[in-house]
């Protein structure tokens with residue numbers, strides 16, 4: 001019986017991964033279809049819809065906008081998230097627990113409710129269908145993840161090395177710059193990568209903010225699917241998966257997610 005447990009464990013793991021990745025494999029195969037509609041197995045194979053995506057100005061504009069917004073959101077998430085995470089982890093002050101809950105509140109609220117509230121405010125501020133509006137809307141979603149990841153990283157680092165540096169005469173700012181910050185680099189890389197992925201893939205909040213002259217790739221896909229269902233949808237899905245997977249692989253190969261969380 002004991003000899004069967006490892007085999008059953010491996011079969012269970014294989015079944016879980018098959019359940020997760022089999023739909024992705026089907027999407028990848030359908031993206032090479034030459035049919036005029038979604039069909040599996042396809043009647044013909046080729047790169048027809050990849051060429052059409054590359055020649056579609058709306059999708060290319062969506063990719064460009066999504067990439068620009070994701071890059072800005074990543075930088076701002078780290079710029080605002082690092083001080084917040086440090087204060088919530090290392091400093092004791094009145095209202096810290098309330099502030100922590102307030103920062104993480106967007107993770108609890110339904111995204112559609114959050115989007116409606118953002119739309120009502122941004123309409124008054126004339127931020128709809130603008131780059132600043134989309135960046136701020138995405139920050140509402142990415143900042144809690146950034147703070148949470150950096151909190152975990154800071155908590156796992158411990159304070160012994162920092163205390164030793166201050167005992168030897170280093171000032172708090174010097175300690176943070178030369179001791180804490182270099183040790184935080186893996187966590188910063190992981191938090192930045194996740195912020196970029198969340199921003200690039202965000203569709204619900206973007207639907208409330210975009211306009212006819214400014215759209216993102218997920219919104220362009222959503223609108224396309226509402227009108228047509230052909231293998232171009234699969235090609236666009238493959239592009240989104242490739243971007244997310246590429247960022248994850250870069251983080252894993254450069255610093256590793258285990259190291260990113262200070263383990």
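Read-outs throughout are calculated quantities, based only on the coordinates presented, and are distinct from any laboratory measurement. Keep in mind it's a predicted model, so treat the numbers as computed, not measured. No Cβ is skipped: glycine too gets one built from the backbone with ideal geometry, and neighbour counts run over all protein chains shown.
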Quiz prompt | Order of 222, 12 - criterion: other Cβ atoms within 10 Å of each residue's Cβ, fewest first | solution = 12, 222
Exercise. Take 243, 204, 210 and order them by how many other Cβ atoms sit within 10 Å, fewest up front.
Key: 204, 243, 210
Quiz item: Using Cα atoms only, what is the angle between the long axis of helix 57-90 and the major principal axis of the chain, expressed in degrees (0 to 90) to the nearest 10?
Solution: 20 degrees
Self-check item: Residue of 142, 130, 153 that the Gaussian network model of the chain assigns the largest fluctuation, springs spanning Cα pairs under 10 Å
Solution: 130
Quiz item: If each Cα of the chain is one equal point scatterer, what is log10 of I(q)/I(0) from the Debye formula at q = 0.10, 0.14, 0.15 Å⁻¹?
Solution: -0.67, -1.08, -1.15
Quiz item: Mind checking the angle between helix 217-227 and the chain's longest principal axis? C-alpha axes, 0 to 90 degrees, to the nearest 10.
Solution: 30 degrees
Quiz item: Taking only C-alpha pairs under 8 Å that are 6+ residues apart, what is the relative contact order of the chain in percent?
Solution: 31 percent
Quiz item: Picking from 52, 160, 202, which is most flexible by a Gaussian network model of the chain using Cα springs under 10 Å?
Solution: 160
Quiz item: Taking Cα atoms, how many degrees apart are the long axis of helix 181-201 and the longest axis of the chain, rounded to 10 and kept between 0 and 90?
Solution: 30 degrees
Quiz item: Say we join alpha carbon atoms closer than 10 Å with springs in a Gaussian network model of the chain; which of 189, 75, 235 then has the biggest fluctuation?
Solution: 75
